[in-house]
Structure formats: structure tokens, C-alpha cells
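Enquirer: Have a look at this one.
The values are calculated or read from the model by the stated rules, or taken from the named source; none is laboratory data. The structure presented is a predicted model; accordingly, all values stated were derived computationally and were not measured. Backbone-built Cβ (ideal geometry, glycine too); neighbour counts: all protein chains shown. Please note that ligands, DNA and RNA were not included when accessible areas were found on the heavy atoms of the full protein model with its side chains. Shrake-Rupley method; radii C 1.70, N 1.55, O 1.52, S 1.80 Å.
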Amino acid sequence: MHDVLVIGGGIVGQVTAIKLAETGARVVIVDAAQNSGSTANAGSLHVQMQSRFMRLYPDQVRNIEASLPFYVAAVQEWGLLDQKYGSFELVRKGGLMLAEDEGQMAFLEKKMEREARHGVSVELLDRSALDRIAPWLGPQIIGAELCRDEGKLNPLAANKRLRAAAETLGIEHRTDQILRLESLPDSVEAIGLQGRYRADRMVVAAAWGAGALTHDLGVTIPSRAEPLHMNITEACETQINHLVQHAERSITLKQFATGQIVIGGGWAARDRGRYEIPAVDHASILGNVALAAQLVPSISGIRVIRTWAGMNTTADGASIIGPLPGHARVVMAVPGDAGYTLGPLVAGLAVDCVQGSGLAAEALSFSPARFAA
Amino acid sequence: MQMPDPSFTFDGTPIPIKPGASVAAALTDQGHRAFRQSANGNARGIFCGMGVCQDCLVTIDGVPNRRACMSAARDGAKVETQVAFPSLKGAVVAPPPEAARILEPDVAIIGGGAGGLAAAIAARRAGASVVVLDERKVPGGQYYKQSTGLPPIDRQQQEGAELFREALDSGAEIIGSVEVWGAFDGPLFIADLEGRALVVRPRTAIIATGAYERPTVAPGWTLPGVMTTGAAQTLWRSYRTLPGRRIAVCGSGPLNAQVALELADGGAEVSVVAEAAAAPWHHPLAGLRATLLDPGLVRKGLGMLQGLRRHGIPMAYNTRLHRIEEADGALRMVLRDQRGNETSSIVDAICMNIGFEPQNEILRLLGADMAYDKTFGHLRCSRDEGMQTSIPCLYAVGDCTGLGGAPAARLEGEIAGKTAAAQLGCGDAYDLFAQKRSLKRHRLFQKALWQMYDVAPYSLSNMPSETIICRCEEITLGQITEGLSAATGHVGTLKRATRVGMGRCQGRYCGPISTRLVAAATDKPVDDRSHFAPRVPIKPVSIASILAAQEALNESA
Ligand SMILES: Cc1cc2nc3c(=O)[nH]c(=O)nc-3n(C[C@H](O)[C@H](O)[C@H](O)COP(=O)(O)OP(=O)(O)OC[C@H]3O[C@@H](n4cnc5c(N)ncnc54)[C@H](O)[C@@H]3O)c2cc1C
Ligand SMILES: Cc1cc2nc3c(=O)[nH]c(=O)nc-3n(C[C@H](O)[C@H](O)[C@H](O)COP(=O)(O)OP(=O)(O)OC[C@H]3O[C@@H](n4cnc5c(N)ncnc54)[C@H](O)[C@@H]3O)c2cc1C
Ligand code: FES
């Protein structure tokens, strides 16, 4: 029997397993190897509140605002992980949220004040200040909010290095889809399509799959699969250091160390079921890329070489971390919005719970207790 | 400096332009082989000659990453070696002022080769409105290889010119220089016409996108001067340009001998044609069967061998490419026969072809069912008798469905054209008996023919680990092997771990190889799902062109 069974091998599951194995625990990861957000995401390290999210889920803004210090801490956590297991091509040059009119500037100003109150390093820039750090912006941009805590990394590099670290630590990886969980008096068991897995404790890091697993244990977690679209261009000279977003429209744009420009920002892909990869919609490639070309006109001459679609997970905006009410051996670890950024931090908090020190006081609002009937 | 007329400059040097020449042909004519620098600093040039490999990139008038093989040479243009990381400070590319076009024909045909043109004629004659889209300036496809401005070189090209004329006369609208980069359910196609957007929403679609060539991977296969046999043939047939003075050909299949002969007739010194299979007289049964089924084509084949003998060009059977090295501005090709004996020759250009890969991206994107054909090592698209795929109103003909040859493609086109039109209430598709019978015969002929060659996937186990497998990302066999042990399961996982298949050609050369390596490592059979996921854009598309398409669709909404 293993000490800990981790369900889900995305960024949260992988880092959880690594942290546990480092303390000597015998860990097995069981992953369905389907639609992991961690293998499809864009590697933006988000800190400032994303306008897309604020617009889509206005009722969740309070949750995100309360989480702001965690985003700052999460990026720092990535820095530590990068030192230990990197390089993940991590760059922390800050993120720009662009405004095209006075109304958007006013929105950014209000947002900035809220963020500053939570300890985020933010500043409002006018066009001449922008010209000094981002001369490639379109002429219609009048200013931006700069968030110095933001950055970017290459998730392909991070996933690969972390996977190698996990192998070195002797973590076992199994491919299976878990159908249901059983919580026994002295252990926990997961029943999968291929087999049964028993362990002393369990971490559920199954993202969009979390809700279905905990339902039978009496807690309804509203995790939802959200298929999202991405685009990537051929390589060009490195020029864009910042993570670029917009005050009103859905976009993230940045340049990888390979010189490629990655364009995303939450455009929809077409759902074909949780265990099928989502399909790319024409409206998303056209809309997303056209918007990028308006904001950064000098990319118009280069070419998009691929798009893809991956599965994001949303619940109520905030992370879900800690023991499941009534099942102390089952620890939840599902990150809130911008889950790749939060991943390592969420993993660390979940590990505390597995090891018995309980959920950190400042993270108590993330407890799954909020979903218990 | 005296500029010849007409001409363009390449890194400042004047390059004369022959009538109808592509940038690649004009450069080759002047002895230039290296067109671009890779990220690792290696020189690259023409490889596929048909817009697939993305290795012939140059900067034209400040716009980076233009395919020299697909770009017409224009008088006064400024062409430069493509650097790996072009500056973003270059000119902003605005979509051309002409408005985007939105077409809604009864039948849209993607690909204007033998299959597509035959389908167009049949559907149009039945009364359907037809639009044919083709990537090349002049349609005709890989078999008929048409040229602009030059008279037909032989009967094959003449026949293509006639078919093209017949298609035009039928009243089908045929648009060249169109790159279809998007295929979505509906179907909805989005294309680029020299920077302009083209949006096509047909009632039915016939996909006739053909195949591209499978290379013989070996150390040195990415060097400038090494190209597919078809690329060399296009240079000669479409542009009357020889890929070099001294040439060697390797791989397997009838195209190699044919092109060797064409190039020799054109004045090239062909040192050898290396054929992986045994000589044809070692396959007497298959030869007999082929002769009975199509005596004409077999006679043509024998004529080719005689022609090679006349030129003194040896056919080296049971012989494969072992490696290619640079040798004083030329290439040393090392061949190895079945017994391990090595021979080498110094040449200017090396042509390679060892089978074909179907261009089935559109079919896979739209979800048409596929099955893996072990003998040819590629996917075959499942179709009914009328050439309809598993997706209603989506037809497929010719080599994009799996290798079948030009005569079969033409017959399939006729059948699909008629059937698709009938499905829309234009004519009936009753009298297809003759076509179906000939098609059956052609398929049997193809089967017998390929038994005399060796185009099944070959083993890489004896290849040095530093051999490049992924041309675009410069990923070696060693890196892939290492990736296989770390990233198990699916070729998509291998891709994310090693970057194999992530480049501009989107895994067209390394994908089939990687898929088979993953299948072997996981002990699973190859099927449709074991390949890279089909994703748009089908070919890289400029952001300006996407912008143009977005504006067009916004206005029409
Ligand atoms: C296109 C896209 C772009 C994104 N960009 C960013 C970004 O730039 N920055 C950012 O911070 N975040 C981004 N995200 C979000 C981020 O990727 C995810 O929130 C994060 O990766 C989630 O990590 P995870 O470990 O919780 O889950 P995942 O990586 O989603 O892994 C969950 C795993 O659990 C498995 N699983 C589910 N159910 C079961 C079951 N029953 N049995 C066994 N296994 C199961 C799944 O197969 C999967 O492998 C993006 C998401 C997408 C889709
Ligand atoms: C940071 C980052 C950078 C990236 N950079 C690049 C890049 O530079 N270039 C690039 O090309 N990609 C890039 N990618 C994309 C990446 O390789 C994957 O493509 C991406 O993670 C999503 O997978 P996919 O949709 O492409 O499917 P793949 O990873 O290719 O997986 C294939 C899936 O498709 C299924 N499938 C196969 N055939 C069919 C079919 N006919 N119909 C339906 N399903 C089928 C398979 O079963 C399998 O599940 C990048 C990804 C990330 C996260
Ligand atoms: S040679 Fe031009 S794309 Fe291959």
C-alpha cells in the first residue's frame, strides 16, 4: 500500500507528489492522461485580476480579490521551484493590461487601487511611459496598468523537468481513469477502469474531474470543464518581454524563449466530451488572432503555425484546498482561476493537510467545507 | 551594376528571371542552394518543391518567411536569405485593398490535380455550380505539373493542359494561388489568396489534395541540394531548371527512374538511381499481373529503364541511401547495398522518394474515418462507392485518400463529381459502370505495381542517433529515443516532451515516423488516433490574412 495516492497528474498533482516524496512518502499518481490543462496552457503567470474573468463571472470577483496575495505568493513559489528543478524559462518582467480609451483607463485605475491594497505591485502607465518599454504597441493604446509581479514560463519545459524530478524521486505513475472513491476507516481506495488503488491518504488533484469523484462522498464541488483555444506563431526576434492583456477584451499575448508568440486569453473551443480533445472553432482563431494584430500591428507579417484546444477548469473562482468534510483522509487540491500559476502553491497547501498540519489560517476560505450540504 | 531584364536581387546579387519562374527556380538556375538559416545556424533550401516542407523560406520585399517554391519571381523584387528570427520592426503588412471573397457554390473542390479537375468537369456538366481551389498558380497537380508561359514538354503535360482547358470550358470557376488553411464543420473553408481572404461555404465538398513525398531519412538529408524527386521534377517540368549538373536519385518506386530519365534528357549527368527493392525480374508474378492489367503503363516503365541504359545511368537495386556529406561545395552521397557494401559519388543535387504520404489534413479535421494501411505505411480514408466519406456531403478522391495514382484519381474524380451533383439534384449518377470497372482494374494494377517496390516503413534502428528526424525543430533520433523512454503513451506526449513535430511543417515528415516509434514502444497498433491531432491552420497562415478573413466574416454576419 502506498502512503499517498494522488489522483490527477497535472501541475498540482505532480508538485504535490514531489513535495510528499521529498519527505520520504511512497506516492503513486493515477492520471487519466486526458485533457490536462497543464499540458495545454500558455504559461502566463497571472497576478492582477483578469478583466475576462471579472466580466464573465462578476459574482466571483470578491473571491478573486481575496485571493490576490496568493497569486503574488504563487509566482514566488514558481521562482523557488525554478531554482530547484528548472530551468522553466521563467521570466518576471511584469504584465501589461492595455487601455484604448479613458473609460478603460478609469477601470484600470480602480482595479489597481484594489490590487495595491492587497499588496500587489502595480502602476498606471501613460503612452509615453509605455513607449519606453513596449514600443511595438498599436497607436490606439493610450495607457496600461503594469503589474510587476507577473511573468511567464514555458509549461512544456516545466512539465518535462518536473516529471523527470518525480521519476528520480521514485514516484509511480499509472494511467487510469478513476470512477469512484471509497473512504474506509483505516485507508482510502480509488476504483478505476483498470484497477483499484489503496493508500493511507489521498489527494484529489483531478481538476474538472474533481466534482464527479467527490459527489458520492457527499460533497458537491461545482468543478466544470471549460475548453479553451490557443494560437502560436513561428519564431521571430525576441522583443516582447511582458505578458500582454487588455482592459476589456479577452487576450493574453507573450513571446516564448523560442521566439514564438503565443496568443490566447480564454477564447472558447468546442467541447466534445471530457475524455475527447476539444475542437478548434473558426470564430476563436479569427477573433483572437485579429485582436492580437490590432494591439501589436508589427506581428501582421508573421504566420500562425498551429492552434490547439485544451481543458481549463472553473468552479467558483477560488481554489479548493483541504480535507473533504467527513473524510479526513481525502484532501482536495483544485486551483482557482489561472490554475497553472497557482498550481505549486496549491500543492504546497494540500501537502500541509496530508501531513496533518492542517490548512494554513490565511487559506481557510479555500476549504471544501464551503460546498458541504 | 547592370541589371539583367527582368530580374530580382538575392542578397544584393542580380538574378535573371525566366518566363513563369518561381523564386526557387530562378535561384536554383543561378546555382544558389541555401535559402535560409535554421535556428541552429544550418543552411536550408528547396526540399519538397510543393509548399509542404517550409524549408525554402526567403524574405521578399521585407516580408519574412515566404516560400520560394510557391512565390512567383517578380521583376525588381528584393529577395534575401531568411534569418531564423526575423525582426518585428519590419513593415506592418496590411491586407490588400481588394475585398475578401465569399463563395457559396454547390460543389467546392479543394485541389486541382487529376482528381479535382475531373470532378469539376463531371459536376459542372451535371449542372452544379463548381469552384476549384488550388495552391499553385496553374492547377494540374503533381502528375500533370503545368507551367506558366512554357509550351508542354511531353504528352503527359499536354494531357494535363487539355484537362485544365476542358475544366475551364465546362464553366467551373478555377482559382489558383489559393492556400486553404482552415477547414471547419459545415463545411466552411477559409483560404488565403495572395494575402486576400477567401471564404467558401459550399453545399458539398470534394477533397482532392493529393499526396506529398516520403523521403529517405539519413544523416545529411537536410543539406541544401538534397530534395525530393518530385521537387526536382517540378523544377524541370514547370520551370525548365535543372536542380544541378550532377545528380543522383535514391529511394523506391517508379517516379525515381522516370525523373532520372527526364533530367538526363534535359542535360543533367545522373550518376545512379538507387532502388531499395530487388530488380523487377525478381517479382515475375507481380510484373505479369501488372502487364495483363495495363500493358501500356508497363511498356512505359520498360521504356524508362531502356532510356536509363541509353544514357549509361546504372540502376542499383537492393541499395539504400546511407548518408550524405558536404564535399567542397558539392554533396557526397554514400549508398549501401544489401550486403553492406558502400559506394559513393559526388553530385550537386540528390533526389529522394520512397513512397508518398496523403495530404489528408482537411479530411481528418472534418472527422472523416481513416484506417491505417500497413503496406504503404499511411492512413486511407474510408469511402462508399460514390466516393463519399463517413461525413455526409464530404467526398474525397485521389491520393489524399491513400496512394492510388493519377489514372485512378481521374476516375474517382468523375465518379465523385457526378455523385455529388446528383446528391444536390443535378443529374443522376446512374451511368458510372464503366468508370467503376476501370477503377477496379487500376487499383489492381497499382497493387501489382507496388509489389515490385519497397515503400513500407523502414527501420531506423541502425541510424546514428544524431540523425535529424524533425527538420523544422532540428530534433534528432537520439532525442526522440530519449523522449520515448520518458514520455510514454501518445505521440502528442512525445511532441510536448521533445518538440518533435512542433515546427512550421507541422510534423509532415517526422510525424509518421514518430507515430510508428510510439506504436512500437507501446506495443499498440497504429490508427488514426495515434497521429498528431489535426489542427488548423493546415499550412502556416499570415496574421494579416487571418485579419482579412475575420473582417470578411464579420461583415457578412
Ligand atoms: C488553453 C489553456 C490556457 C491556459 N493558460 C493558462 C495560463 O496562461 N496561466 C495559468 O495560470 N493557467 C492557465 N490555464 C489554466 C491551467 O492550465 C489549469 O488551471 C491548470 O493546469 C490546472 O492544473 P491541475 O493540475 O489542477 O489540473 P490538470 O492539469 O487539468 O490535470 C488534471 C488531470 O486529472 C485527470 N483526471 C480528471 N479526472 C480524472 C479521473 N476521474 N481519474 C483519473 N484522472 C483524472 C485529467 O486527465 C488530467 O490529467 C490555461 C488552461 C487552458 C486550457
Ligand atoms: C507551451 C506550449 C507551446 C506549444 N508550442 C507548440 C508549437 O510551437 N508548435 C506546435 O505545433 N504545437 C505547440 N504546442 C501544442 C502542443 O503540442 C499540443 O498540440 C497541445 O498541447 C494540445 O494538443 P493537441 O490538441 O495538439 O493534440 P495532440 O497533443 O497532438 O494529441 C493528439 C490527440 O488527438 C487525437 N487524435 C488524433 N487524430 C485524431 C482525429 N482524426 N480526430 C480526433 N482526434 C484525433 C489523439 O487520440 C490524441 O488524443 C504547444 C503547447 C504548449 C502547451
Ligand atoms: S521547398 Fe518550398 S515548401 Fe518545401
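Enquirer: Using only Cα positions of the range A:31-190, each an equal point scatterer, no hydration layer, compute I(q)/I(0) via Debye at q = 0.11, 0.14 Å⁻¹ and quote the log10 values to two decimals.
Expert: Log10 I(q)/I(0), no solvent term: -0.62, -0.89.
Enquirer: Additional query: With label points built 7 Å along Cα→Cβ from the Cα atoms of B:THR81 and B:ASP523, find their separation and express it in nm.
Expert: 5.1 nm
Enquirer: Sticking with this one: Calculate log10 I(q)/I(0) of chain B for q = 0.06, 0.09, 0.10 Å⁻¹, where I(q) comes from the Debye formula with a single equal point scatterer on each Cα and nothing for solvent.
Expert: Normalising to I(0) and taking log10 leaves -0.28, -0.66, -0.83.
Enquirer: In addition: Would you please classify the overall shape of the range B:91-197 from the alpha carbon gyration tensor, given that a ≥ b ≥ c denote the square roots of the eigenvalues, rounded means a/c under 1.5, and beyond that prolate means a/b larger than b/c while oblate covers the rest?
Expert: oblate
Enquirer: I'd like the carbon and sulfur percentage of the solvent accessible area for the range B:7-81, probe radius 1.4 Å, heavy atoms only, ligands and nucleic acids excluded.
Expert: 45 percent
Enquirer: In 20 Å bins starting at 0, how do the alpha-carbon pair distances of the protein assembly as shown split up by percent?
Expert: P(r) for the protein assembly as shown, in whole percents per bin: 14, 43, 33, 11, 0.
Enquirer: Under unit Cβ charges (Lys, Arg +1; Asp, Glu -1), what dipole magnitude, rounded to 20 debye, does chain A have relative to its Cα centre?
Expert: 460 debye
Enquirer: While we're looking at this one, here's another question. Just round it to a whole percent: the fraction of Cα-Cα distances in the range A:304-373 exceeding 16 Å.
Expert: When every Cα pair of the range A:304-373 is considered, 49 percent fall beyond 16 Å.
Enquirer: Rg and Dmax of the range B:7-81, using alpha carbons, in Å: what are they?
Expert: 11.1, 36
Enquirer: Bin all alpha-carbon pair distances of the range B:215-354 at 10 Å intervals from 0 and give each bin's fraction as a whole percent.
Expert: 12, 44, 33, 10, 1
Enquirer: Would you grab the residues whose amide H sits under 5 Å from the one on B:GLY402? Only those 5+ places off in sequence or on another chain, please, with H modelled 1.01 Å from N.
Expert: B:CYS381
Enquirer: Need the per-residue list for the range B:147-194: every residue with at least 30 Å² less accessible surface in the complex of protein chains than in the chain by itself, probe 1.4 Å, sorted by number.
Expert: Those residues are B:PHE184, B:ASP185.
Enquirer: Now for a separate question. So what is the orientation-averaged projected area of the range B:468-526, using the convex hull of its C-alpha atoms, in nm²?
Expert: Taking the Cα atoms of the range B:468-526, their convex hull projects to 3.2 nm² on average.
Enquirer: So for the range B:7-81, taking the charge dipole from beta-carbon charges (+1 Lys/Arg, -1 Asp/Glu), which of B:LEU27, B:THR59, B:CYS48 sits furthest toward the positive end?
Expert: Positive-most Cα among the choices belongs to B:CYS48.
Enquirer: Give the accessible surface of chain A per residue, rounded to a whole number of Å², with probe radius 1.4 Å and ligands, DNA and RNA excluded.
Expert: 36 Å²
Enquirer: Turning to a different aspect of this structure: Between B:SER459 and A:ALA283, what is the label-point separation in nm under the 7 Å Cα-to-beta-carbon projection?
Expert: Between A:ALA283 and B:SER459, the label points sit 5.4 nm apart.
Enquirer: Please list, in order along the range A:129-143, the HN-Hα scalar couplings obtained from phi with the Karplus expression 6.51 cos²θ - 1.76 cosθ + 1.60 (θ = phi - 60°), rounded to whole Hz, x for Gly and Pro.
Expert: These are the phi-based 3J(HN,Hα) values: 5, 5, 4, 6, 10, 9, x, 8, 6, x, x, 7, 6, 9, x Hz.
Enquirer: Quick one: what does P(r) look like for the range B:128-172 with 5 Å bins over all Cα pairs, in whole %?
Expert: Histogram of Cα-Cα distances, whole percents per bin: 5, 22, 30, 25, 13, 4, 1.
Enquirer: For chain B, the longest stretch holding no GluC sites (Glu not before Pro) located in a DSSP loop with at most 15 other Cβ atoms within 10 Å is which?
Expert: That gives B:195-384 as the longest site-free run.
Enquirer: What does the charge count around A:GLN140 come to, taking other residues whose C-beta lies under 9 Å from its C-beta (Lys +1, Arg +1, Asp -1, Glu -1)?
Expert: That works out to -2.
Enquirer: Sticking with this structure for a sec: How would the range A:216-373 be classified by its alpha-carbon gyration tensor: rounded, prolate or oblate, with rounded meaning a/c under 1.5 and the a/b versus b/c comparison settling the rest?
Expert: prolate
Enquirer: Could you please report the charge total around B:LYS78, scoring K, R as +1 and D, E as -1 over all other residues with beta-carbon less than 14 angstrom from its beta-carbon?
Expert: -2
Enquirer: Let me ask something else about it. Provide A:ASP101, B:ASP134 ordered by accessible surface of protein heavy atoms (probe 1.4 Å), highest first.
Expert: Per-residue accessible area, sorted high to low, gives A:ASP101, B:ASP134.
Enquirer: Can I ask one more? I want the antiparallel fraction of DSSP beta bridges within the protein assembly as shown, as a percent rounded to 5.
Expert: The antiparallel proportion sits near 65 percent.
Enquirer: With every protein chain in place, what's the accessible area of B:MET463 (1.4 Å probe, Å², nearest 10)?
Expert: 40 Å²
Enquirer: Next up: If you scale each eigenvalue of the Cα gyration tensor by 5 and take the root, what three semi-axes come out for chain A, rounded to whole angstrom and sorted largest first?
Expert: Largest first, chain A gives 36, 21, 19 Å.
Enquirer: Given +1 on the Cβ of Lys and Arg, -1 on the Cβ of Asp and Glu, and no further charges, what dipole in debye does the range B:215-354 carry about its Cα centre, rounded to the nearest 20?
Expert: It works out to roughly 340 debye.
Enquirer: What accessible surface, in Å², does a 1.4 Å probe find on A:ASP131, ignoring ligands, DNA and RNA and rounding to the nearest 10?
Expert: Its accessible surface works out to 70 Å², give or take rounding.
Enquirer: Oh, and also: If you roll a 1.4 Å probe over the heavy atoms of the protein chains, what accessible area per residue do you get for the range B:270-340, in Å²?
Expert: 57 Å²
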